[in-house]
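See structure below.
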Amino acid sequence: MTRRIDCDVAIVGGGIVGASAALALRRMGRQVVLLERDLCGSRSSGVNFGGVRRQGRPISQLPLAQRAHRIWGELARTIGTDGEYVRSGHFKIARSEADLAALEHYRAQTRDFDLGLEMISGARLRERSSWLGAKALGGSFCPEDGQANPRLVSPAFARAAERAGAQVLERTRLDEAAHDGQRFVLRSIAAGLEVRAPVLLNCAGAWAGPLAAQFGDALPLRAGHPAMAVTEPLPVFMDWSLGVEGGGIYCRQVARGNVVMGGGAGFALDDERARVERDSIDGISRQAIELLPALRHAHIIRTWSGTEGYLPDRQPVLGESPRRPGLIHGFGFAGAGFQIGPAAGEVLAELACHGRSSTPIEAFAVDRFEREAEALAANAPNPSPRPQPTCVAR
């Protein structure tokens, strides 16, 4: 026997984006059903590094990041827990003069966004952060960026949505999706469930591609697998969250003393599981010791990976389908969706209710890859005509 639920908006995917959207929609008075094939916040939203940073993001993401920054400031009131969120400050390390120049350029570019970036180097850096190794020449400090525990924060958004009246259905895999001309019809065969709604939010993360393609939005989404590690508890020595200009490791120390580190890549075991490669952990360890000598004799007690969705420009898709009215996508955050996730959820809710958002999202258009391909084809040189054989009278 099939149970049928009619609602205003159906959401596929219970990560921080989908759960935030569900919460925002309930605050707008909409009836919401969220389908999550596992447990909410158990995928990339729950296994990421836990950085809550605006610094270093593309300029196009900063309006979204600023909106998210305000949500994070009200986190405990919004979701019922502080999620170990602290505005510890985020320091992006420069290891060369070129890195320092790049960070200074970024500061100039982002001046209108009021990030409060401060360049620190030389004697000031050594005085402020004697725990940094000699490889760190200086860097850029964003005082109000911070860190949180994704294993607490991401599921808490789903629980808050549930308390607000959303129907959050975990361990409910989407098996079939169709449109009957008026509504989307979603079926979970194992759960004996059919959900019908005029609006569908595709927030399925690295698994969102097939659902998008089913309704004509073929996107070049690929899966990536970050490498993460955490040390035993150490005496607290580091009060900033760290990144490295140009890529490399990222680190933060939690109140208990453990140092959480990331960098490099893992590998997929199957569609749902991933592991860390030994070479990645070796690389993380070497870089970490160069930048943080206090880790030289620290024991790594756990490593892990996850599955994240990446698009070629490392920007998400966030917007309405150009082909199927009522279908709205929000995925492909390239391992950087934890901070902006709550704002992305609010944007999706605005699109579902009003057809527009108060936050600029043009850079995240669903059809941008198609338009780029068309532009390249239009500008491609015409092939030279093949020379024709010449007939010679004999």
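Could you tell me whether any residue of region 35-57 is over 17 Å from the mean Cα position of the chain (by Cα) and assigned to a helix (DSSP H, G or I)? If you could, list the steps in order and put the result at the bottom.
Pass one, region 35-57, residues over 17 Å from the mean Cα position of the chain (by Cα): 35-39.
Going one step further and asking which of them are assigned to a helix (DSSP H, G or I), we end up with none.
No - not one qualifying residue is present in region 35-57.
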Practice prompt. Working carefully through the options 162, 118, find the one that is over 22 Å from the mean Cα position of the chain (by Cα) and surrounded by fewer than 17 Cβ atoms within 10 Å (Cβ to Cβ).
Written response: 118
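Yes or no, residue by residue, for (1) at pLDDT 95 or above; (2) closer than 27 Å to residue 62 by Cβ:
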{"site": "349", "(1), (2)": "yes, yes"}
{"site": "362", "(1), (2)": "yes, yes"}
{"site": "367", "(1), (2)": "yes, yes"}
{"site": "372", "(1), (2)": "no, yes"}
{"site": "375", "(1), (2)": "no, yes"}
{"site": "378", "(1), (2)": "no, no"}
{"site": "383", "(1), (2)": "no, no"}
{"site": "388", "(1), (2)": "no, no"}
{"site": "391", "(1), (2)": "no, no"}
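If you check 97, 84, which single one turns out to be open to solvent by 40 Å² or more (accessible area, probe 1.4 Å), at positive phi and in contact with a Leu (Cβ under 8 Å, 6 or more places away or on another chain)?
Working: 97 fails: at positive phi.
The conditions single out 84.
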Practice prompt. Could you identify the single residue in 53, 57, 77 that is out of contact with any strand residue (DSSP E or B) (no Cβ under 8 Å at 6 or more places or on another chain), among the charged types (D, E, K, R) and open to solvent by 30 Å² or more (accessible area, probe 1.4 Å)?
Written response: 77
Discussion item. Against the definition (modelled with pLDDT of 95 or more and farther than 19 Å from residue 108 by Cα), how does residue 39 come out, yes or no?
Written reply: yes
Worksheet entry | Of all residues making up region 281-299, the number that are surrounded by 15 or more Cβ atoms within 10 Å (Cβ to Cβ), touching a strand residue (DSSP E or B) at 6+ places or on another chain (Cβ under 9 Å) and over 17 Å from residue 246 (Cα atoms) | 6
Item to complete: Sort through 284, 340, 328, 289 and tell me the only one that's in contact (Cβ under 8 Å) with a residue 40 or more places away in the chain and assigned to a strand (DSSP E or B).
Response: 328
Discussion item. Can you tell me which of (1) farther than 30 Å from residue 133 by Cα; (2) among the aromatic types (Phe, Trp, Tyr); (3) under 21 Å from the mean Cα position of the chain (by Cα) is the one residue 250 doesn't meet?
Written reply: (1)
Worksheet item: Give me the pairs: first residue in region 103-119 and over 15 Å from residue 245 (Cβ atoms), second residue acidic (Asp, Glu) and at pLDDT 95 or above, beta-carbon distance under 7 Å, and six or more apart or on different chains, which are they?
Response: 116/144
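Filter the helices (runs of 4 or more DSSP H) completely within region 72-191 down to those with at least 1 residues that are modelled with pLDDT under 95.
Values: elements: 75-79, 97-109, 122-128, 150-163.
Of the helices (runs of 4 or more DSSP H) lying wholly inside region 72-191, those with at least 1 residues that are modelled with pLDDT under 95 span 122-128.
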Worksheet item: Regarding residue 198, is this residue modelled with pLDDT of 95 or more, open to solvent by 10 Å² or more (accessible area, probe 1.4 Å) and closer than 30 Å to residue 96 by Cα?
Response: no
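The values are calculated or read from the model by the stated rules, or taken from the named source; none is laboratory data. Predicted model only: the values in this text are computed from it and were never measured. All Cβ positions, glycine included, derive from the backbone under ideal geometry; neighbour counts span all protein chains shown. The accessibility values were calculated without ligands, DNA or RNA, using every heavy atom of the protein model including side chains. Shrake-Rupley method; radii C 1.70, N 1.55, O 1.52, S 1.80 Å.
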